[in-house]
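Everything on this sheet refers to the single structure shown next.
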């Protein structure tokens, strides 16, 4: 089982070290020998600071190497030409393959702020993926939905791309089998729901005659030196209703305990665990990433 990281880029307003902590976590992820590095996508988050994906990843690539790196795009909120240009530029900077994670986007606030109708977002997602894939192959594309004609972009990715298509409904999972290189399981899945959805994905792949090279799933994680130390923070978050998640959807504790909680997803058939550190004081968040190297070693030995 591979272990990658999706770095959280939100931090408390007024925290002067928030951006620096993200850089430190990327450096720690490289030193922990994690398999992939990525960042998320969200818009109109004020007053909470949220480092945007493209410039942030551009900075973090200086801390990374030739292992795959990339970022999430909430595709309905992006103009396809702009999205393709950003990917082409980042992929040219990156020393290895580029991962494009896609999401539908939720809530009405960010759609309103970006001037994009929430109605019809699934159609915008599908057409957006198709258009961006074409642009990244060097094709000239047009779109009535997005209102442009005869677009072509450069530079193009020279070291390969992977499309991880997210979603948690049968329709979204079928879309991943049709349009993506793999389906990307949501962070809120427990072992029970993850088992159900991976079977839906396998059935969709069989229908479309497709064999994915990986099946990643994201997990919110916090690792500390001892179980007690991690549980103090993790239990407090969960008692506060952490993201509406079930306890079985997150993993926290010492390295061995977190490995036990995550190993079940490998047994189900997920090939990559993409960890994201649960909210913690900045130094402890960095330490959690540092300990993820030991987590990777344990999961690969299971």
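The values are calculated or read from the model by the stated rules, or taken from the named source; none is laboratory data. Since this is a predicted model, take the numbers as computed values, not measurements. Cβ atoms come from the backbone with ideal geometry, glycine included; neighbour counts cover every protein chain shown.
Some points to look at:
- Residues satisfying the stated conditions in the stretch 239-274, i.e. touching a strand residue (DSSP E or B) at 6+ places or on another chain (Cβ under 7 Å) and without any contact (Cβ under 8 Å) to a residue 24 or more places away in the chain: 261
- In the stretch 250-275, the residues that are buried (at least 20 other Cβ atoms within 10 Å of the Cβ) and closer than 25 Å to residue 201 by Cα: 250, 251, 259, 262, 265, 270, 272, 273, 274, 275
- When the residues of the stretch 291-302 are filtered to those that are part of a helix (DSSP H, G or I) and at pLDDT below 95, the one that is nearest to residue 265 (Cα to Cα) is 300.
- Considering 20, 28, the condition of being within 14 Å of residue 285 (Cα to Cα), surrounded by fewer than 19 Cβ atoms within 10 Å (Cβ to Cβ) and at pLDDT 95 or above is satisfied by 20 alone.
- Residue that is surrounded by the fewest Cβ atoms within 10 Å (Cβ to Cβ), among those in the stretch 153-167 that are part of a loop (DSSP other than H, G, I, E, B) and touching a strand residue (DSSP E or B) at 6+ places or on another chain (Cβ under 8 Å): 160
- If the condition is being under 18 Å from residue 43 (Cβ atoms) and touching a residue at least 40 places away in the same chain (Cβ under 8 Å), then the stretch 86-104 contributes 87, 100, 101, 102, 103, 104.
- Being part of a helix (DSSP H, G or I), under 20 Å from residue 58 (Cβ atoms) and modelled with pLDDT of 95 or more holds for only one residue in 102, 130, 89, and it is 89.
- The lone exception for residue 122 - which of (1) in contact with a helix residue (DSSP H, G or I) (Cβ under 7 Å, 6 or more places away or on another chain); (2) more than 25 Å from residue 25 (Cβ to Cβ); (3) assigned to a helix (DSSP H, G or I); (4) free of Cβ contacts under 8 Å to residues at least 60 places away in the same chain it fails: (1)
- Residues satisfying the stated conditions in the stretch 87-113, i.e. closer than 27 Å to residue 174 by Cβ and loosely packed, with under 15 Cβ neighbours inside 10 Å: 106, 107, 108
- Some residue of the stretch 184-191 being without any contact (Cβ under 8 Å) to a residue 40 or more places away in the chain and more than 23 Å from residue 294 (Cα to Cα): yes
- Screening residue 138 against (1) surrounded by fewer than 16 Cβ atoms within 10 Å (Cβ to Cβ); (2) touching a helix residue (DSSP H, G or I) at 6+ places or on another chain (Cβ under 8 Å); (3) farther than 23 Å from residue 52 by Cα leaves a single unmet condition, (2).
- Checking 84, 26 one by one, the residue that is outside any strand (DSSP E or B) and under 21 Å from residue 216 (Cα atoms) is 26 and no other.
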